[in-house]
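Before any comments, here is the structure.
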Amino acid sequence: MQNANLYPKGTATMADEDEIILSELSDDELVLQMHDDLYDGLKEEIEEGVNILIERGWTPYDVLTKALVAGMTIVGADFRDGILFVPEVLLAANAMKAGMAILKPLLVETGAPRMGKMVIGTVKGDIHDIGKNLVAMMMEGAGFEVLDLGINNSVEKYIEALEAEKPDILGMSALLTTTMPYMKVVIDTMKEKGLRDDYIVLVGGAPLNEEFGRAIGADAYCRDAAVAVETAKQFVARKHNQISA
Amino acid sequence: MALGPATLDDETLTEQGLALTAQDMASGRVLLIACGALAHEIVALKRMNGWDHLDLQCLPANLHLWPDRIPAAVAAAVTQHRANYDRLFIVYADCGTGGLLQEKCNELGVEMIEGPHCYSFFEGNAAFAALAETEFTAFYLTDFLVRQFDAFVWRPMGLDRHPELRDMYFGHYTKLVYQAQTDDPALDAKAQDCAARLGLAYERRVTGYGDLAPALARVAGA
């Protein structure tokens, strides 16, 4: 899928060479332009766009979902389809992160729908966190409260966080073939302690697949951040339905 | 383009691999289907040991940029050549396929080299596993990857265009370990430069061919 674009690339005119003044765009144009700027990883433009929309009276939640999350969803789809690559996704993520940094305190003040809570971390022996950070960011963008344990997490650290935070979801990430089996160690320990059924366990990482997720006893394997968000929403809704039934 | 072993060019090994020559196909009984990143080492071992009955076909080394494509590429090569050989041996480790390559090899009835990746079997799988607890913040390069650092690390990660991303990729790494298959001062210097560009400490470790040598000896002798 290509990005919706106010000023499509490849249609150069004199106007393209003029600087776009974000504050002069209508709300709809500005949101589309922010999708473009996010796609291009333009951090300062995103910060400016966020501030303009807030000044125009937009709720922080609407700015987050309609400008940032919607823009990052386009980035995610193009990454999945092989149109964008990791460096471009990282630049877009940096831009979104900068926008979210402005919105976070405002979201706390104004309130926003809370979808649930997630504890997430990369497993022991593994220092890779790019995918995990993207998932954490998109989960936050979708309204989840996220506690990020960082990298190289032992089973003890996961269990401690679960018991202290009581999240809905545990997310585990691994990039290496050699470290991904550690996810099973964590899940087996949860079973031993009688904790397994209290949490939704989602796993992800480049060498994983659905079969691996099933084999280790996770609830789902999520191949990218967008899938993680959708899967988390489905499982949380199911959990709430079970509780209210 | 078919490239004979006498003219191993790294860029071609990265992009295209190494095709079998007509001469190879007439003489070999065993075919090694390997990653292009291992071509130099396999050719050197063949030469040192006189394993003329082992033919070599390499798939493009840059398949490592898309590990999910490796099982299908290996399967296609197996299907193409298996009728012409008594035995096929796959010189790929798991290489980020999450067990899918092993599964594919099982399905095809062919053997592959053991280990999670070439850093492991060059070090020796047992030795590498023993280091896992203490060395998981190391970034490894082999001879081939030192020579092809820009093609496999710098450019695919976008560091040529966006050097500011470096610490997002490498912020948690502490050192670059150059696993030297050969004694080459020029490669040593280049590897040191790679470490500096990534902002990492540098260590050169002579591994030679590690577990690759006995694995191929077993195939050659079987």
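The values are calculated or read from the model by the stated rules, or taken from the named source; none is laboratory data. Keep in mind that what you see is a predicted model, and the values were worked out from it rather than measured. Here the Cβ is made from the backbone with ideal geometry for all residues, glycine too, and neighbour counts use every protein chain on show. Just the protein is used for accessible areas: all its heavy atoms, side chains included, with ligands, DNA and RNA removed. Shrake-Rupley method; radii C 1.70, N 1.55, O 1.52, S 1.80 Å.
Brief remarks on what is shown
- Only one of the listed residues (A:K184, A:K166) is surrounded by fewer than 22 Cβ atoms within 10 Å (Cβ to Cβ) and away from chain B (no Cβ under 14 Å). That residue is A:K166.
- Within this structure, B:V177 fails the test of being more than 13 Å from chain A (Cβ to nearest Cβ), touching a Lys or Arg at 6+ places or on another chain (Cβ under 6 Å), among the β-branched types (V, I, T) and closer than 30 Å to B:D52 by Cβ.
- Taking every residue in the range A:206-221 that is within 13 Å of chain B (Cβ to nearest Cβ) and closer than 22 Å to A:N133 by Cα and pairing it with any residue that is surrounded by 20 or more Cβ atoms within 10 Å (Cβ to Cβ) and hydroxyl-bearing (S, T, Y), at least 6 positions away or on another chain, the pairs with Cβ-Cβ distances below 7 Å are A:P207/A:T177; A:P207/B:T97; A:L208/A:Y221; A:N209/A:Y221; A:E210/A:Y221; A:F212/A:Y221; A:G213/A:Y221.
- Within the span defined as the range B:25-32, every residue fails to be open to solvent by less than 10 Å² (accessible area, probe 1.4 Å), within 24 Å of B:N125 (Cα to Cα) and assigned to a helix (DSSP H, G or I).
- Test for A:L170: is it assigned to a strand (DSSP E or B) and of a type outside the set (F, W, Y): yes
- Residue within the range A:77-98 that is over 17 Å from the mean Cα position of the chain (by Cα) and of a type in the set (V, I, T) present: yes
- Any hit, the range A:218-239, residues being open to solvent by 20 Å² or more (accessible area, probe 1.4 Å), in a strand (DSSP E or B) and either modelled with pLDDT of 95 or more or touching a Gly at 6+ places or on another chain (Cβ under 6 Å) (or both): yes
- Considered as a group, the residues in the range A:196-216 that are modelled with pLDDT of 95 or more and open to solvent by less than 20 Å² (accessible area, probe 1.4 Å) include one that is farthest from the chain's Cα centre (by Cα), and that residue is A:I216.
- Residue in the range B:135-149 that is under 29 Å from B:G221 (Cβ atoms) and within 14 Å of another protein chain (Cβ to nearest Cβ) present: no
- Test set (1) modelled with pLDDT under 95; (2) open to solvent by less than 70 Å² (accessible area, probe 1.4 Å) - B:A83 fails condition number: (2)
- Hits in the range A:113-137 (condition: open to solvent by 20 Å² or more (accessible area, probe 1.4 Å) and either assigned to a strand (DSSP E or B) or under 19 Å from A:T59 (Cα atoms) (or both)): A:P113, A:R114, A:M115, A:K117
- Take the conditions (1) in contact with a Ser or Thr (Cβ under 9 Å, 6 or more places away or on another chain); (2) surrounded by fewer than 21 Cβ atoms within 10 Å (Cβ to Cβ); (3) within 14 Å of chain B (Cβ to nearest Cβ); A:I159 misses just one of them, which is (3).
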